[in-house]
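Asker: There's a structure below that I have some questions on.
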């Protein structure tokens, strides 16, 4: 079982580089097509470079022998991220962080969120801890699951139902809840502030859990 971090295309600004560097500690580092820009900025190399290279224009030269390269045709039925996620799934992923420094094109970003459903299907025998991460927020999909947040006082957490109804339990926040029923589309669980050193969110059903970081440099 291995931990992966996938770097997507985007602007990795100087003031946020340390945040994204820390994401890769102890993980298999994957550049998803134009996400190779992160490695250019940090003068490092990924363990895997995957994609159709339409963002890069061409495969980078001077890669070390340890960097595995998997290329695909531009005309295909899956996005580069889906192909990268499938690679991780097939290679024993235990957790996957998807580094996405900007929202970018909204349809593509929402599509990336939906891809998390591939890795967290209801009734799955093995669950993979997957999240989309930026220096401003992290997004997880919980399916009959829970997540705890440590050292996040001042951060806000929103829970958005993805199934018709969910039951939400949370603690360590300004508004605690126990088996609170929330229908899809309701806004009961938006912007709850973390007030304790350890906070917990548990969901029965399927929901997106979005943690917005208080303005400061964060590490996992």
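Asker: Extension gain residue 44-residue 71, at 0.36 nm per residue separation less the Cα-Cα distance, in nm?
Answerer: On the way: separation 27, 0.36 × 27 = 9.72 nm, distance 2.00 nm.
Taking 0.36 nm per residue and subtracting the Cα distance, the gain is 7.7 nm.
Asker: Right, next: Pick from 24, 148, 158: which is most flexible by mean-square fluctuation in a GNM of the chain where alpha carbon atoms under 10 Å apart are linked?
Answerer: Ranking 24, 148, 158 by mean-square fluctuation puts 148 first.
Asker: Average the reciprocal distances over every distinct pair of alpha-carbons in region 88-212, invert the result, and give the Kirkwood radius in Å.
Answerer: Details: mean 1/r = 0.0670 Å⁻¹.
Evaluated on region 88-212, it is 14.9 Å.
Asker: Based on C-alpha coordinates, I'd like the Rg and Dmax of the chain, in Å.
Answerer: 17.8, 55
Asker: Then there is this: Just from its helices, what would the mean residue ellipticity at 222 nm be for the chain, if runs of 4 or more DSSP H residues each count -39500 (n - 2.57) and the sum is divided by every residue, rounded to the nearest 500 deg cm²/dmol? Spell out each step's value before the answer.
Answerer: On the way: 4 runs with 35 residues, N = 220.
Counting only the DSSP helices, I get -4500 deg cm²/dmol.
Asker: Go ahead and set up a Gaussian network model of the chain, Cα springs under 10 Å, then flag whichever of 103, 32, 203 fluctuates most.
Answerer: Of 103, 32, 203, the Gaussian network model singles out 103 as fluctuating most.
Asker: Which FRET efficiency value, to the nearest 0.05, is calculated for residue 94 and residue 196 with the Förster distance at 35 angstrom and r the Cβ-Cβ distance? Before the final figure, lay out each step's value.
Answerer: On the way: r = 27 Å, r/R0 = 0.77.
Efficiency computed from Cβ-Cβ geometry: 0.85.
Asker: Can I ask one more? Nearest 10 degrees, 0 to 90: what angle lies between the long axis of helix 106-115 and the longest principal axis of the chain (Cα atoms)?
Answerer: With rounding to tens, the tilt is 80 degrees.
Asker: Another question about this same structure. If you find the alpha carbon centre of region 1-69 and of region 190-214, how far apart are they in angstrom?
Answerer: So the separation of the two Cα centres works out to 29 Å.
Asker: Compute the angle between helix 80-90 and the longest alpha-carbon principal axis of the chain, please, reported from 0 to 90 degrees and rounded to the nearest 10.
Answerer: 80
Coordinate-derived values only; no laboratory data. On a predicted model such as this, the values are computed, not experimentally measured, just so you know. Note: ideal-geometry Cβ built from the backbone for every residue, glycine included; neighbour counts use all protein chains shown.
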